[in-house]
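Below: the structure, in C-alpha cells.
The values are calculated or read from the model by the stated rules, or taken from the named source; none is laboratory data. What you see is a predicted model, and the numbers here were worked out from it, not measured in a lab. Backbone-built Cβ (ideal geometry, glycine too); neighbour counts: all protein chains shown. Calculation scope for accessible area: heavy atoms of the full protein, side chains included, ligands and nucleic acids excluded. Shrake-Rupley method; radii C 1.70, N 1.55, O 1.52, S 1.80 Å.
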Amino acid sequence: MGIIAWILIGLLAGFIAKALMPGKDPGGVIITMLIGIAGGLLGGWLGKVLFGVDSIDGFFDLSTWIAAIAGSVILLAVYRLVTGNRHHHRHA
C-alpha cells in the first residue's frame, strides 16, 4: 500500500479509536489523527510480530483495519496516561 492509503487508514483508525475511547484528550483533532497514523503502523507491526500474520494485506482487508484500530487504541491509551499525568500536575 502507498503512503496515501496509510494516511487515510490512520486518519480513520484514529477517529474510530477516539469513538471507542471517548473522553477529553489533552491534544486536539490533529494529535488524534497523528496517533491514528502511528497506530496503524504499530498495529501492522504487532500483527506480524505477535501473530505472524501479514495484517497489511490491502486497503479493504479487514485485518488491515483491525490492526490499525487496535494500534490506535493502544497509542491513544498510552498518550492519555503520559499527558494526563502531566496535565494534572500543572493544575495542582
Task: Solvent accessible area, Å² - W65, 1.4 Å probe, full protein context - done: 50 Å²
Task: Accessible surface of V82 - all protein chains present, 1.4 Å probe, nearest 10 Å² - done: 70 Å²
Task: Distance in nm between pseudo-label sites at L8 and K48 (7 Å out along the Cβ direction from Cα) - done: 2.2 nm
Open item on the list: If I stretch the segment between F15 and V29 completely, what's the gain in nm (0.36 nm per residue apart, minus their alpha carbon distance), one decimal?
Closed with: 4.2 nm
TODO: Using packing as a proxy for protection, rank 18-24, 36-42 so that the peptide with the highest average count of other Cβ atoms within 10 Å comes first.
DONE: 36-42, 18-24
